[in-house]
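These notes concern the structure reproduced below.
The values are calculated or read from the model by the stated rules, or taken from the named source; none is laboratory data. Fair warning: this is a prediction, and the values are worked out from it, not measured in the lab. With ideal geometry, Cβ positions are generated from the backbone for all residues, glycine too; neighbour counts draw on all protein chains shown. Calculation scope for accessible area: heavy atoms of the full protein, side chains included, ligands and nucleic acids excluded. Shrake-Rupley method; radii C 1.70, N 1.55, O 1.52, S 1.80 Å.
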Amino acid sequence: MESKAAVNMLSALGHEGRLAIFRLLVKAGPVGIAAGDIARTLEVLPNSLSANLNVLSHAALITSRREGRSIIYCADYGAMSRLLGFLMEDCCDGAPQICGPLSAIVAKTKACGEDDPHAIDGLKPPNHKTDETAA
């Protein structure tokens, strides 16, 4: 991953509302959540939600797909794992007292999906098409 892409992703996540949306989508898994359900769960106004979803989408952190009249949003696990990999790439030169806790956190992600050549430790992006339209 290039620094510019990492900066865009971190910038998108550097807003309390967008971080809450992203964390909710990560928790939801590849099934995703409809835009209206995100708004109700996080008690966000539709116009604010739409703007925040657009920022996350342009940062390549989420994907979306249309199901009937709803737009379903999902976290892009491949993008998330590439960002985590970029951040941890040169971690503490392998010092176990520092890297040990981080390794334990990454090990928890193995349950998130099957092998993906772009993911770390088993994270897998959902197989959904991106739809730029926000609800």
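Only a single criterion out of (1) closer than 19 Å to ASN8 by Cα; (2) at pLDDT below 95; (3) open to solvent by 30 Å² or more (accessible area, probe 1.4 Å) is not satisfied by CYS92, namely (1).
Among LEU83, LEU87, which is the only one that is at pLDDT below 90, of a type in the set (A, V, I, L, M) and crowded, with 19+ Cβ neighbours inside 10 Å? Walk me through how you get there before you give the answer.
Values: LEU87 fails: crowded, with 19+ Cβ neighbours inside 10 Å.
After applying the criteria, what remains is LEU83.
Could you please let me know if ALA28 is closer than 30 Å to GLU89 by Cβ, surrounded by 15 or more Cβ atoms within 10 Å (Cβ to Cβ) and of a type in the set (Gly, Ala, Ser)? Give the derivation first.
Details: closer than 30 Å to GLU89 by Cβ: yes; surrounded by 15 or more Cβ atoms within 10 Å (Cβ to Cβ): yes; of a type in the set (Gly, Ala, Ser): yes.
For ALA28, the condition - closer than 30 Å to GLU89 by Cβ, surrounded by 15 or more Cβ atoms within 10 Å (Cβ to Cβ) and of a type in the set (Gly, Ala, Ser) - is met.
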